[in-house]
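Rule-based calculations on the coordinates, nothing more; no lab input. Just so we're clear, the structure is a prediction, and the values are computed from it rather than from any experiment. In this analysis, Cβ positions are derived from the backbone assuming ideal geometry, glycine residues included, and neighbour counts consider all displayed protein chains.
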């Protein structure tokens, strides 16, 4: 496309729809694996026919584990503008008003499982000062990326309304362009779109931000274009193999869980119960004791049993597959249920999580770039421009590592005590306290210092209640200032403020001095 200004809205819809439709089949496969609804692989059709519905497929949903274990380490805690030490309150209020604490988790799961998700920023008609932010699925939204600037130059959102018989007759679409947004509807499943509304916002940027997992500069020439890569791509064949082995184990248990018996020289009429009624085949197989009046010597009969099946080969194969998944996904082996006879120490377990933590930090970086753009679009929609300090906005995350609170507190105390390498506010933030909690702590610190300076020895014990302060009791509130007992003076000793002694002790007088 030589000149984007010459491209009509209908051409954008046709172009993006074609790109999106080509990627829907891959998204559906990835979604089925994450949901554990994939079809069974590596199973012979004849075996499937014979088993019918007697043995259900066993699904070991390692893809879900790979995605959720990373998502559990991705929690946004705030946004900090350039040059600011604390998180921006207004941006965080908008984040909470749009329930993005919940929806950001959905965006991360979709991006990890499907390769990308999207956030759309717009005007909130009910509250203009509070922009509307929604999280969207790659099943509904697709974008066109400028190969030079790597910016979104157009985006399309499509939604289909299914009626009772599954006919997608009604369809709705929204085309997002840098300076306008256009709404469409269709009564034939998107075959023909009819414009219903248009908003010329003049922002100069598309209000759609992709959250891309594992982005790349480009793929090989003959590969179809793809925005982001799923975390499941490398583990899907191993997951199929594990499901096949687990299902085979259940089939083997179906036929060989109990020792197989054989009886030679008998006919069907010999298998009866104590009342002479014939036994069903299952009763005959499952019976704990077979008894007959026939003898091997006189009648030439023989009874015996085959050895039962050993299922340890299935267990060993599953353990081998689990180790391969751990090596590819960075998951600690114990996440996959793999253990040894000698359990790892606590330090060994933390060491085994180091690669997984590093992967979570990388996801924070790539998703953080998307959330930075979302914050900038929020301010752009609300104020009409992006302030200079917002050009260096930074998304704040929870520490993806999982140290014990005692170990983390010990490290923070050492950094704070070592010539104040870590400021007090940063030390509290490193311990996981929010900015609101830190402000409350600082307020209590100032109040405690004020009381301590006034000679209150209990200032370090917390805020003083009305029941603890005699001056707050009803009988003392009406006393004037000169009627109250004077405060005890304080003396400054070195760098510590300590109150004067309330009682002076004297040596007892001796008999000679009395």
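For this structure, a couple of remarks:
- Gain on full stretching of the segment that runs from residue 8 to residue 57 - 0.36 nm per residue minus C-alpha separation: 12.6 nm
- Computed label-point distance, nm, for sites residue 328 and residue 196 using a 7 Å Cα→Cβ extension: 4.4
- Label-to-label distance, nm, for residues given as residue 35 and residue 226 (7 Å Cα→Cβ offset): 2.1
- Listed by Cβ neighbour count within 10 Å, with the fewest neighbours leading, 386, 393, 66 appear as 386, 393, 66.
- A simple spin-label model places the labels of residue 49 and residue 319 3.8 nm from each other, with each point 7 Å out along Cα-to-Cβ.
- Least to most buried among 34, 433 (fewest other Cβ within 10 Å first): 433, 34
- The length gained by stretching the chain between residue 295 and residue 234 to full extension, at 0.36 nm per residue less their Cα-Cα distance, is 15.8 nm.
- Between residue 102 and residue 308, the FRET efficiency from the beta-carbon distance, with R0 = 56 Å, is close to 0.65.
- Which of 397, 62 has the fewest Cβ neighbours within 10 Å, and the rest in rising order: 397, 62
- Computed extension gain for residue 24 through residue 433, at 0.36 nm per residue and net of the alpha carbon distance, reaches 143.0 nm.
- Two-site FRET efficiency, residue 150 against residue 261, from Cβ-Cβ distance with R₀ of 60 Å, rounded to 0.05: 0.30
- Placing R0 at 60 angstrom, the Cβ-Cβ distance between residue 140 and residue 450 gives a FRET efficiency of 0.60 after rounding to 0.05.
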